[in-house]
Every structure is written in C-alpha cells, then in structure tokens.
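Please treat every number below as a calculation from the coordinates, not as lab data. Predicted model, so just to flag it, every value in this text is computed and none were measured. Every residue, glycine among them, receives a Cβ derived from its backbone with ideal geometry; neighbour counts consider all protein chains shown.
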Amino acid sequence: MNLLRALVAAGCALAIGGCGDELAPAWQIRAFRLFGAKIENITRSAADPGVTEAAPGERVRLTLSYVDPATTPRPVNVTWVFCAEATVMGTTFGCSARGLSVLTGPAVTYEVPRIEFSVDPANRPRIQIVAMACAGGTVALDPSTALPRCQGEGSESWVMTRSLLVRTAETLPPNHNPFIDRVGFILSGRPLAEAMVVGDETPLRVPRCTTDPCIEHSFEVGVAEGSREVQSTFDLQGNRVMTPERLQFGFFTDKGEMDNTFRVDSAITPNGPILNRWMAPREPGPVRLVFTAQDTRGGFDVVERTVVVE
Amino acid sequence: MHLLVVVLNRRIRARVLAVTLTAGAPAAAQIGATTRADPTPAAPAASSAPRLTQFVQADYPPAALAQGLEGSVLLELTIDPTGHVTQVTVAQPLGNGFDEAATAAARTFVFEPARRDGVAVASILRYRYRFSAAAAREAQRPRPRALLRATVRGRADQPVANAAVTLTLPDGSTRDATTDAAGAFRFELEVVGDMRLAIRAEGFDALEVTEPVADREDVGLTYRLTPARPAAPAATPGSPVSEATPAEDEDEATVRARRPPREVTRQSLEFREILRMPGTGGDALRAVQNFPGVARAINGLLIVRGSTPQDTQIFADGTSIPLVYHFGGLSSVVSTELLDRIDFYPGNFSARYGRAQGGIVDVGLRSPRRQGFRFVANINLIDASLFAEGAITRNLSFAVSFRRSYIDAILGGVLSGINAVSFTSLPVYWDYQALLEYRPTSRDRIRLAFLGSDDSLSLILNQPSEVAPRFSGSFSTGIGFHAGQLLWDHTFSTSVSSRAMFSINRNAINVGGGDVFGLNLNFWNITGRYELTAQVNRRVRANLGMDLTGGPAEIRFNGVRMPTEGQQPNLQNLARVSTQDADTLYRPGAYAELEVTPTPRLRLIPSLRVDYTRDANRSWAVQPRFSFRWELARDWFIKGGVGVFNQPPQPSQSSSAVNSFNPSTTVGNPFLGTQRSIHYGLGMEHNFSRYVSLSAEGFYKDLDEQIIAQPSVLGAAYLNSGIGRIYGGEILLRHRPSSRFFGWLAYTISRSERRDSPASTYRIFQFDQTHILTLIGSYRLGRGWEVGLRFRFVTGNPTTPIIGAVYNGDTGTYTQIPGASYSARNAPFHQLDVRIDKTWTFRRGSLNLFLEVLNVYNNANPEGVQYNYNYTQSTTVTGIPIFPNLGFRYEY
C-alpha cells in the first residue's frame, strides 16, 4: 500500500504541480499578530448597536485586535489612514486621495466625510482603511517608498487593510457585527453538551498531553442569535438571492496544536456547532487563545481567553 | 457454387425433409479445401436445404503433405435444427490422416438449417472435403509483411516501361522486377527494413535510392528519372517534391514523391516515434511537447515559441478540439491508434489555418483499414483503451476506440484516510472516437467521425484554506465535448481535388468552487470548411478555401474577472463578475494560396487570408502571408516566411453581457479587436542521408493589440493594450526511424516579452524559458527489445517574488505584495526518462510490454514557490519524483 500511495502521490504531483515542505500554520501565535478591527457605528449605537456601516456624517469606532507574545510588555503604536476607496485596483492599498484622514491609537473614532463616493464592484461605496500597528517602535513615513514604517530596534509591525461600507441610498438593512457569546472546551470523547465554559475571568484548567500521540480535545465557539443575518448576494448562476450569512471563525493559540485555523459555516447546517480540535501541550502553564468571527460585509468580533494546562 | 445433397435421415422420423438444392461454398473459400456434393433432384420450392455459413479449415496431415498426397473424403453430416453438426460419418475414406482431419473440421461447421414450410428441421448432408497439396503449401507460405510499389516516370511525366528494378533486401539478397506499361512495379516483402532500389532504363540515368519499409506498411512511391546526358551525374536521393507536380525541368532529377510542406516549418511524427517515445506513455499529443519551440509545461499546456497556450489551436482534421489533454496532461483526448499524422507548425503556418497567432497542431485521423480486422488493447497504470477497425464491405470500413481512466479506483482507496478532502466524485476521464469511411468511387472518400471526451471531478474540502478560507466547501469540474464530423474528399480530375468538412461540437464546461466561483458554459461550435486544390499549370498550384466557425453559446458565471497572461488570479481582490448570457458567435473566413515553382528548386507560396469576427466589434482581419523554400544545392535548403496572424478574443473577453454585480459594466468589452502577430522566420535544412537531417531556424514575432484584463472595476474589462516581442532560434538534429534507431536533439533559445500598457515597461512572458534542450533516442536491440531515453534541460520558469504582505482585516487573511513581475526564476529543470519495450510477435498478433520510468535520478525539479499564511516563510514546490509506469499493448 505504501508503494501505491507513493505512486498516487507522484501522480497527484504530476497533476497539481508538486509538493512542498511544511510551513508554519496560521493558528500558531509566535510573533506580533493582528486579528482584525471591529467597527461599530456609535451614532446609531443607542438605537441599533453593532452596526458596521455608516452614512456620511456618522461616526464609527474602530478597535484594533492584536496579540503581542513578547515576554516583556511593549507599547503598540497604531496609525490609521482613512480614504475614499479607489476604483482602480493596483493602487496602494486601494486608496484614493479624496477624504484622506489620519488618526492614531489602538481604538479611534472616525466620522465619515460628506463627500461624493464612487462605488465598488458590488455597487457599494466604501471607505478604505489602512492601519499600521507597530509593537515596540514608532510609526514613521519611509521617504523612499512614501509608506509608513515601524522604526525601533526589535520592533515588529503589520499593516492592515480594512473597509467601511458607506450607506448612501441603500434600502437594505444595515449589517451588524456577529457576537461571540460562548467559548466551550470539550474533553476528548465527551459530548458537546458537557462543554466547559472558557470564561474570561477565571482561567479554565485543562489536562496536559501525556500520551503519544496526544489526545485531541475540542474548542467550541458560539455566536448570539441574530449574528447570521440575511444578506443580498448572487448565487453561482449569477442570480441575486437573499441568503443567510455564512460566518468564518478563526482559532489561534500560542501553545498546543489546533487542527485547523479556520472554520466556515456549513452551507448544509449553517447553524451547526463550530468545533475545532486542539491538542494540549506537554508542558504545564497558561495557554493564550484567540477566537474570531467575521462575515463578508465588515462584521467582526474577537474574544481572547486563557486556559491553564496542568 | 457447389451442389449439396440432403438425404432423408430415416432415423429422424419427424420434421425431416429430403431436399436437394444448390448452395454456395463459404464466402471466402479456404485455401486447400473445397466442398462438393452429389447432385439429386430438386426439392419443393417451399423448403430449403441446409447452407454452410461457417467453414473451418482442416489441418492438412503433415506427412501426407510432405509426400504430396491429396484427394477427398466424403462425409455424412447430421445437422440439427439449430444448424450445428451433431454427427460426422466417413462415407468414403481417404486414409493417411485425411479422414480424421476432415471429421474434426466438419464437426465445427455451422449451417443455416434445412427448412420445411419455413420451419427449421434436422437433416443429413453428404459433404465432400477435398485436400489439395498445392493449395496447402500456398497457405503455409509466409504472408508478405509489407508492400513496396512504385511508378517510374520520365520525360513529361510519362511512365517508363521495361525499366529494370533491382531490390536489395536488408540481408543482402536481391530480387528483380520490370516495370509494366504503366511504369509500375511492386514487391511483396517478407522482411522489413531498409530496402535499396536500383532502377535502370534505357535513355535515363540510373537511380539508386534506399527506402525504409516498416512492418505492415504499404509504401507507394513515384520515381522520376533523369534523361541520360553524357556529363550528367548519377541521380541521388533528393528533396521531396509534389506527387502531382510534373518534372518540368529536365535538368533536375526528382526522386521521392511526397509533397513538401506549405509552411516554413512543419514537424511530423511517425507512428513508431509516437509509440516508443520515452516520457510520453505512447501518447501522441504529449509527444509534440518534445519538439523545438515548445516550452516545458507540467500541466500539458502547449506553449509554442513564447505564445500563450490560448494562441495555439489544435485541430482534428479541421475540427477545433476544445480540450487536448485529460486532467492537464495525463493523456490526450484522441486515441493514438487513430492518428495518421501529427503536424506541428510553430509559426508562419499556411493560410488554411486561421484565428490563431501562435502555432498549430493538426491531428490527422487515418482511414480505417479496408481489408481484414484489427484489434488493439492498451492498458497502463492510469487508463485502458480498446481499439478496433476493419472492413465492413469492400468500400466501407470502420474504426472505433474507447478509453477510460481508473485513477478513481486507485485514489478511492488511498484518499479514504485523508481528512482534508472528501471526493464526492473521484476523478474520471473517458473519451471515444468512431469512424465510418465510405469510398463509393475511386475519386471519393466520405468519412463520418464522432469524437467525445469527458473529465469530471467533485470533491469537498473539509478544511478551509489558510490563504482563502471562504474558498472552501464543494469543488467540481466537468469538461467535455461531443463532436460529429463529416468529411468528403473528392477528386475532380488529376489536377483538381477538393475537401469539404462539416462538424458540430457540443461543449460543456462546468466549474464550481465553494460559494465563491461558479461557471457553467455550454456552447455549440459549428464548423464548415471547404478547400479546392487545382494544379493551374506546370508551375502554379492554387489552394482556395473558406471556413466558418461559430454557434450559440450560453454562459452562467459568478466569480472574478478572468485574468490574462501574466496576471495572477486573486479571488480576494479582482473585480467580481456575475452574469447569465446567451450569444451566437459567427466567425467566417476565406483564403487563397498559391504554390509557385518557377524552378524545381524554388517554391514560393504567397497567400491571403481574411477573417471576420462579429463578436469582436465586427472586425475584419486581412492577413497576407508569404513563405518560400529554396534548394540551394542538393539536400541544402533555405526556407523562410513572413505573415500576419490574427486571433479573435475569447467569447468571455468580448461579451457584452451585463455584470450583475455592477449593472453599469459588462463582463467583457464588446469593442475589443482581434489580437495580431507578425511572424518572421528564416532557416535552413540539410539532409545528411535518408534518415539524418539538420534544420535551424531563427524567428521573430511582433505582437500587438494583445488583450489585457484591466484593473478598473468600472471601466472596460479588457483592452487591446498589450504588445509583445518574441525572438529566438531553434535547431533540430533528427534521425528518422530506421530499422534500429530514431531520435533527435532539439535546442531552442528564445526570449519572450510583454508590455501590458503603453505606460508600463517590458516584462518577461509568464512561461519564458531561455534554453530548452531535448535529447531523445530509441534503439531496437533485437529479439523484440527496444530501449529509449529522453533527457531534458530547461531554464526555470519565471516567478514573481513576494516581497511582503499586509493583513486584510475584511477577510482575516494576508494579501501578498508582489515584487517586479517575473523578475526571478526557478532553478533549471533537468530530468531523464527511460523506456524499455519488449514485444512478442505471434502468428496473429503482437504483445508489447513497456516500463517507463520518469525522472530516473529523482531530481527535485523546482516548479514554484509555496508561502506560509503571511508570506514570511517559503518553500520550493518540487515536481514529480521518480515515477514508474507500466503498461502493455496487444494488437491482433
């Protein structure tokens, strides 16, 4: 059978173009990481909390989500640039010069300018957002590239792009952020109903790996009812249809091994449980976990938890 | 016709009839045996005697044959109502083993039973089995393995009678013949190989040539003799000239009767080369990839002289094939057994071909055999195929072929334990071809052909990708076509002939990728083609033709704008496109081509082709072309050409369908024009011998009006904004198949560049490969063994380095920041493939077993670079490791 597998692997290589070595998985937190930016319309928050879109003149709050695993805490400087989205791809970060605005800080408040917007491929106007997060350094403009750059010895940085849908004359209801309301831990072999809540105050204690191979436990992420909204989109035949959102969930950790980084709502069971297997590390100690949920229209939520392996 | 006697079987009381009728001997009377029966009075008209429908040849007793004994055995056969012989009695013995032999053979006879009032009844038949020693010896004589026949002509193309022809066989023995009044002679050959012919006729110089004759080959030739002159040198094998072109200059001795190409460069493969070429698995179209000018591609793409794969058209006798290879190169969609020839034109091709600015591959389907029956089975690790051909009547013959893969069966077991992927439909491909050929007269050949192919695959990615998590769920591909083709070759006279072709293709392409990408494309491709060829006079030959392609198309698409060459598909960033549309394509064309031979050493071919493309802004493309071939000295040629080649946009690029994502835009650009390329070529050829030749050619291609996908999501989707330049040289040192060896050394050096817009600078073409070296050789060791190798050294493909990435907060993934387009390259590719064949030849067939090992020394050839999720790590993706393929081919 090994020979057969080798032959088929060779055949697959012939068909799909070969094979490469193992690369670091995305779920693994080893360095300074960004996970996203949550957008909340604060003009409407009293009447309609969690709206991710804004009309000209409305204000939104943006909160950057990141993890810096550095052993020594260090400041994270963030610079935000807002602009009207360009309609020509290939321009720097999709930004045009109109409506340019710069803000600083991990969380900022931005007011959508009252300008005329062009529309994006889905016929929606957008504000393009570019954020540079610099851990252990300061943000400066690189004179050679005219792009922001993180300066400082040992500093780490990432640039993030994000977009804000601008409501002009749409009649469709606005999009809202999904809301992660539950993180559960399920010991290997136990039913879903016996999931232990991974709270944000008292760390859950979980068993370390003592077998070879390690036993796989699971994390479960749940979202509040209404997180999966109905949206207008196109089916594969090009017909405009109203369908429930399929949320994308991210699982990240600095210790142990996740089965996979992402889970996406199944088209068959869109409200099914979102589970991801995890192998605990062999060494005891705290484990940092980040869970994200996002839709395709700017909705985003993130929670960070810690479990203690013992 | 022989008289048969049926007498009453008194032991069978019921349903027994005594009749006497005349009946025919077996349709193909067997050598060495005849049937005869004694006459009796006629039977009532409502009844019939048994009639022999299946005759079986009796084994002639060896001792009797050695002594020359012969005679007849009278048998009494009892035939049941089903027509089978239930009892054989020797009524008149002959002895010496004849009685036993006749009895054994007669037991297996099959009759149409006797009938009484229309009801089958049992009967007894007296049957005389005659043994003829002379006929038996004739039957045991070895059958000719090949036929060499030719016509000898002299002044004004008149036949030369009474010419003395001496044939020297490979073993040194000789045979003689004399041409008849029509100048014809023929040799039936029991051995094959190199045949040396010497032709002597009064008033002409002697001619000596060597002709390679392959197994089961019917070689038909025309030789033209040079009138004798006191100082005239002896004629030697020279360049090929047209069979229909008379020898017009008596200063020249033209020898071999085969038309030269109408193109500057044509590479043709012979059947043995196709079957035995290492690294191709005996697949004809994959063999094309070893010619000079063809870049190496791992996915079966044909990249000819720096042109994109879409720029090269593949035809099967004039019908465009939408799919060349199954699953990106595993095997081609047309059975090798059905191929008559593969002609490959890397550039400067005839005006007969249009709508392509790169190259042409023209696959000729051969005529089914008009005598006997042939069956071939091919089985290897990937697929199996069956082929059969034969004669139905004297004028009607057929050929059928079917192939199916079984990688689904293999993958099903292997992939069952992999969590990441679930196959809902394992990869399967199949194809079929069926030909029916009718020759109502000697001037007509009518052929009906059906071709079809299907590739399908459906799977579910259980784990979302780290690079594009939304691109998950179910994936499926289905690509297939069914084509019907009617071909009619008609000869009006010795100087005028025509070919008419009409075909209808039904093509379907269905691709689904999660909830991100979907394509359903169904279209009919109706092609008509007519070419008239006329020998206007001794120096001018004209080819006039017209063709039409088009048909209704229906498309449903949801995805991103399809990128053009050099652009990376990016599901996250490109313009979203969604549409449903139906359209009808209409693309007629016409051409005229002259073949002018002002002297027998010089051929000039001016031509003009005009194409109209309704879906490309109703554009007209006028394409003048010119090529020449000049024999500077015996076996030394100079060749060259220049021409304009237009190619219309793909239907999706010129589509006027509204983009549902943005109703103010269209999916394509209906105002696109056709792309244009001007080919320049100049080269030489030299024939060192009948087998060994050398050709070298330099080429330059000037591209403009190239179609480029635009970055704007609101403006035109595509523009004719690109230009390009391609230049290089090719050398081919070739040894055509002899009785022992074939092979070639091909080397190409080239550079292909593109400029996507006037504001940009030139960049390297996506598949640019500076050096391509291919060495192929195959040698017959004897006793059915043949060993071959293929070695390739190719410059690594260009790559675009990734210099960084930004985090896309909208998708949760990272977007790469590319460096300068194709500013880096993979390391060079080099690989050795070996093939070993062993053939066993039986009385009625042969069995070929082959072992092919790809990448013998297991070189880790880089095929690309794979990055981690945030593009901070990378690893080299390597190609196929050492890979054995085992298979066999049985021919009956």
Interchain or long-range residues, amide H under 5 Å from B:Phe765's placed H: B:Ser752, B:Glu753, B:Arg754
Sorted by Cβ density within 10 Å, fewest first, the residues B:Val56, A:Val81, B:Val667: B:Val56, A:Val81, B:Val667
10 Å Cβ neighbours from other chains, averaged over peptide B:870-881: 5
Cut-off under 5 Å, modelled amide H: who pairs with A:Ser157 long-range: A:Ala135
Tensor-based shape of segment B:286-891 (alpha-carbon gyration tensor, a/c under 1.5 rounded, otherwise prolate or oblate): rounded
Selected from B:Tyr890, B:Ala805, B:Gln647, residue furthest toward positive end of dipole (segment B:286-891; charges at beta carbon): B:Tyr890
Gained length - B:Val622 relative to B:Thr393, 0.36 nm times residue gap less alpha-carbon distance: 77.8 nm
Exercise: per-residue mean of other protein chain Cβ atoms within 10 Å, B:492-503: 0
Peptides B:350-358, B:308-316 ordered by average Cβ neighbours within 10 Å, highest first: B:350-358, B:308-316
Cα-projected label distance for B:Arg538 with B:Ile731, points at 7 Å along beta-carbon direction, nm: 4.1 nm
Three-way shape call for segment B:355-406 based on the alpha-carbon gyration tensor, with the a/c threshold at 1.5: oblate
Overall form of segment B:72-191 per C-alpha gyration tensor (a/c, 1.5; a/b vs b/c): prolate
Neighbouring partner chain Cβ atoms per residue of A:33-46, average, 10 Å criterion: 2
Whole-Hz ³J(HN,Hα) from phi, Karplus 6.51 cos²θ - 1.76 cosθ + 1.60, for segment B:795-811, glycine and proline x: 4, x, 5, x, 9, 9, x, 9, 9, x, 7, 10, 7, 9, x, 6, 10
Neighbour net charge for B:Pro427 - beta-carbon separation under 13 angstrom, K R +1, D E -1: -3
Sequence-distant aspartates and glutamates (8 or more away, or on other chains) whose Cα lies within less than 13 Å of B:Lys838: B:Glu786, B:Glu852
Cα lying deepest toward the dipole's positive end in segment A:180-309, options A:Gly285, A:Ile180, A:Thr211, charges on Cβ: A:Thr211
Projected area, mean over directions - segment B:439-567, Cα convex hull, nm²: 12.3 nm²
Amide hydrogen neighbours beyond the local backbone of B:Thr813, cut-off 5 Å, H modeled: B:Asn808
Inter-centroid distance (Cα atoms) of segment B:834-888 relative to segment B:94-157, Å: 50 Å
D (Stokes-Einstein, µm²/s), Kirkwood Cα radius, segment A:180-309, 0.890 mPa s at 25 °C: 155 µm²/s
Nitroxide proxy distance, nm - points 7 Å out along Cα→Cβ at B:His490 and B:Arg404: 4.1 nm
Vicinal HN-Hα couplings computed from phi for segment B:619-635 (Karplus, 6.51 cos²θ - 1.76 cosθ + 1.60; Hz; Gly/Pro x): 8, 10, 10, 9, 10, x, 9, 8, 9, 8, 8, 10, 8, 5, 8, 3, 6
Estimated vicinal HN-Hα couplings, Hz - segment B:851-868 in sequence order (Karplus 6.51, -1.76, 1.60; Gly, Pro = x): 10, 10, 10, 8, 6, 4, 9, 6, 6, 7, 6, x, 10, x, 10, 10, 10, 7
